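Dropping a structure here in structure tokens format, bear with me for questions.
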Amino acid sequence: MKRLILAAMLATGLAGAAHADDALKSAIAGEHRAAANKARDTYRHPYETLTFFGIKPTMTVIELSPGGGWYTEILAPYLRDQGKLYGAVPDAESRGGKAFRDRLAANGAVYGKVTPVQFAPPGSIALGAPNSVDMVVTFRNLHNWLGNGDDAVLTVLKEAHKVLKPGGVLGVVEHRLPAKMEQDAKASSGYMHEAYVIRMAERAGFKLAAKSEVNANPKDTADHEKGVWSLPPVLTNKDKDREKYLAIGESDRMTLKFVKQ
């Protein structure tokens, strides 16, 4: 009898995992996604990245500084029915905050349950009640916060730690600077040392749970004339060395999973 019960429990768990995977694949393949965004899946690996973080459709998730909403486009439908997504963005009067809210309003079927949370480090960073969310994710944002100094990065990470439930996950993707190269104080190239990110997260109270190389790009030397923005999709140098940068593709990125103890 015990074996039958165990077998049933395992079958239920596997079925649930398969359902979660199917839901994520469906969100990534959805017709609501812009063709230009889908074209970047080959560099950003959304399915592998989010499953590495351990996301589930029942979670409450905060996405920090979603920018153009590339990941929001996936997370919103994935979490819509069983979970909850908050987008941590500037206030509605700012260009970025207004653009994010306009995007939500333009497609209620996809974004109607996404809730904006005012977030504009180093000033406004309050994300919510302590121990209230399952996961916080941020994609290629830490270098922006470092522009305001180490304390700004640490303050954001501490706030993420505070709002997460015990055992909650902080998922980080960031442009990676080779350890042998010097990182300037403000990460003006857009690249950061992986060891620095880990150190700051640990200072904020997190434990590094795992690393993934799913977003690694060995072609990226991280020594471009205008930093990471020389590469796709920005191609800030325009026609200068355009083919070279296209051949490299998007940046080499660290993918880190931290856990709140």
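When the stretch 53-85 is examined, which residues are found to be under 19 Å from residue 142 (Cβ atoms) and either open to solvent by 40 Å² or more (accessible area, probe 1.4 Å) or of a type in the set (Lys, Arg) (or both)?
If the condition is that a residue be under 19 Å from residue 142 (Cβ atoms) and either open to solvent by 40 Å² or more (accessible area, probe 1.4 Å) or of a type in the set (Lys, Arg) (or both), then 67, 68 are the ones that fit.
Look at residue 247 and say whether it is in a helix (DSSP H, G or I) and at pLDDT 95 or above.
Spelling it out, residue 247 is indeed in a helix (DSSP H, G or I) and at pLDDT 95 or above.
Right, another one. For the subset of the stretch 86-102 comprising residues that are assigned to a helix (DSSP H, G or I) and crowded, with 17+ Cβ neighbours inside 10 Å, which member is nearest to the chain's Cα centre (by Cα)?
Filtering first and then ranking leaves 100.
Residues 186, 158: which one is of a type in the set (Lys, Arg) and more than 18 Å from the chain's Cα centre (by Cα)?
None of the others qualify; the one that does is 186.
Go through (1) within 14 Å of residue 163 (Cβ to Cβ); (2) assigned to a loop (DSSP other than H, G, I, E, B) one by one and return the number of the condition residue 138 breaks.
Checking residue 138 against (1) within 14 Å of residue 163 (Cβ to Cβ); (2) assigned to a loop (DSSP other than H, G, I, E, B), the one that fails is (2).
Also: Counting only residues that are open to solvent by 10 Å² or more (accessible area, probe 1.4 Å) and either modelled with pLDDT under 95 or of a type in the set (Asp, Glu) (or both), how many does the stretch 250-261 have?
The total comes to 2.
Now for a different question. Condition first: open to solvent by 80 Å² or more (accessible area, probe 1.4 Å), assigned to a loop (DSSP other than H, G, I, E, B) and over 13 Å from residue 254 (Cα atoms). Now tell me which residues in the stretch 186-233 satisfy that.
186, 188, 219, 223, 225, 226
Identify the residue in the stretch 1-45 that is at pLDDT 50 or above and part of a loop (DSSP other than H, G, I, E, B) and, among all such residues, is nearest to residue 231 (Cα to Cα).
For the stretch 1-45, the residue satisfying everything is 40.
The values are calculated or read from the model by the stated rules, or taken from the named source; none is laboratory data. What you see is a predicted model; the values in this text were computed from it and never measured. Counting neighbours? That spans all protein chains shown, and the Cβs are built from the backbone with ideal geometry, glycine included. For the accessible areas, the whole protein counts, side chains as well, though only heavy atoms, and no ligand, DNA or RNA atoms are used. Shrake-Rupley method; radii C 1.70, N 1.55, O 1.52, S 1.80 Å.
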